[in-house]
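Colleague: Attaching a single structure in structure tokens format; questions to follow.
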Amino acid sequence: MVRTVRRLGTLAVALVMLAVTPPAHAGKVRTVVSLTFDDGDATHVAAARLLERRGMRGTFYVNSATVGRKGKLTREQVVALARKGHEVGGHTLTHVRLDELTRDGQRRQICDDRKRLVSWGLRPVTLAYPFGAVDARAKAVARGCGYNAARTVGGLRQWGCPGCPATEPRRPEDRYGIRTPGSVREDTTLRQLRQRVLDAERAGGGVLPLVFHRVCDDCGLYSVSPKVLDGFLAWLAARKGRGTVVMTLRDAVG
């Protein structure tokens, strides 16, 4: 009887420890890399597969009014991305510069785009401003349309801005103006991509959103080679033990 009580007591202590002790990896995550892909390009299907092979998920920003056009994702492909665990976010109806529109024009581009995505059964919670062009009015509209956060382009450290911060905090000061390094371009090397992450780690961590467009060889200024992207993903996967992980922007900023 005494032994039984002791065993029960030991079991109770163990259960309590399980309840209050975080998993072994908890607290080790310092740097979160969010891989974001703009414009709903057809090449994003292949990009998603590269991420999935590494157990990663990305954030794909689509312009709902251009979905299904030549060179763009189809509606079925957009929905499939979400079903596979990727984040699908808004990018306005037709990819316009929001800072050049009236308030009503901004509302149509942002709100109608989000409504269409919702009608497809999606749950868009973050927005990417086309060209990174944004003003205070557009930020207010994004919030009013139901977005929890929005991403611009630029403002974080890169070769052209060595004095800029390396990351956003896990709780960004401006949730509707989340910064990034400049867009990845065809001349961006694997070494440069790695350096952005190393800079983030050395700065103490935070959120590092990276902006990609087309994923293909020799297909324009704003593109990245599948080989370069896959090499970067392989390198990123090996950083997990150092506290660097990949999350969608939705999960990264809450």
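The values are calculated or read from the model by the stated rules, or taken from the named source; none is laboratory data. Everything numeric in this text was worked out from a predicted model, so none of it was measured. Cβ: placed from backbone, ideal geometry, glycine included. Neighbour counts: every protein chain shown. For accessibility, only protein heavy atoms count, side chains too; no ligands or nucleic acids. Shrake-Rupley method; radii C 1.70, N 1.55, O 1.52, S 1.80 Å.
Colleague: Being under 16 Å from A47 (Cα atoms) and open to solvent by 40 Å² or more (accessible area, probe 1.4 Å) is the filter here; which residues of segment 236-249 pass it?
Modeller: A237, M247
Colleague: Of L117, L73, which residue is open to solvent by less than 30 Å² (accessible area, probe 1.4 Å) and more than 24 Å from C216 (Cβ to Cβ)? Give the steps one after another, and end with the answer.
Modeller: Values: L73 fails: more than 24 Å from C216 (Cβ to Cβ).
L117 is the lone residue from the list that is open to solvent by less than 30 Å² (accessible area, probe 1.4 Å) and more than 24 Å from C216 (Cβ to Cβ).
Colleague: Considering (1) open to solvent by less than 40 Å² (accessible area, probe 1.4 Å); (2) outside any loop (DSSP other than H, G, I, E, B), say which one K227 fails and leave the rest.
Modeller: The failed condition is (1).
Colleague: Can you say whether R7 is open to solvent by 50 Å² or more (accessible area, probe 1.4 Å) and modelled with pLDDT of 85 or more, as far as the supplied structure shows?
Modeller: Details: open to solvent by 50 Å² or more (accessible area, probe 1.4 Å): yes; modelled with pLDDT of 85 or more: no.
Against the criterion (open to solvent by 50 Å² or more (accessible area, probe 1.4 Å) and modelled with pLDDT of 85 or more), R7 does not qualify.
Colleague: Whether any residue in segment 56-63 is open to solvent by less than 50 Å² (accessible area, probe 1.4 Å), of a type in the set (A, V, I, L, M), within 18 Å of the chain's Cα centre (by Cα) and at pLDDT 95 or above is what I want to check. Break it down stepwise before answering.
Modeller: We begin by selecting, within segment 56-63, every residue open to solvent by less than 50 Å² (accessible area, probe 1.4 Å); these are 56, 58-63.
Within this subset, residues satisfying the condition of being of a type in the set (A, V, I, L, M) are 56, 62.
Right, trim to within 18 Å of the chain's Cα centre (by Cα) and you get 56, 62.
Of the ones still in play, those that are also at pLDDT 95 or above are 56, 62.
There is at least one residue in segment 56-63 that is open to solvent by less than 50 Å² (accessible area, probe 1.4 Å), of a type in the set (A, V, I, L, M), within 18 Å of the chain's Cα centre (by Cα) and at pLDDT 95 or above.
Colleague: Is it the case that some residue within segment 130-141 is in contact with a His (Cβ under 6 Å, 6 or more places away or on another chain), open to solvent by less than 40 Å² (accessible area, probe 1.4 Å) and closer than 20 Å to H213 by Cβ? Break it down stepwise before answering.
Modeller: So in segment 130-141, the residues in contact with a His (Cβ under 6 Å, 6 or more places away or on another chain) come out as 130.
Narrowing further to those that are open to solvent by less than 40 Å² (accessible area, probe 1.4 Å): 130.
With the extra rule that they be closer than 20 Å to H213 by Cβ, the set shrinks to 130.
Yes.
Colleague: Of these, G231, G155, which one is in contact (Cβ under 8 Å) with a residue 24 or more places away in the chain and on the phi > 0 side of the Ramachandran plot?
Modeller: Numbers: G231 fails: on the phi > 0 side of the Ramachandran plot.
Exactly one residue qualifies, and that residue is G155.
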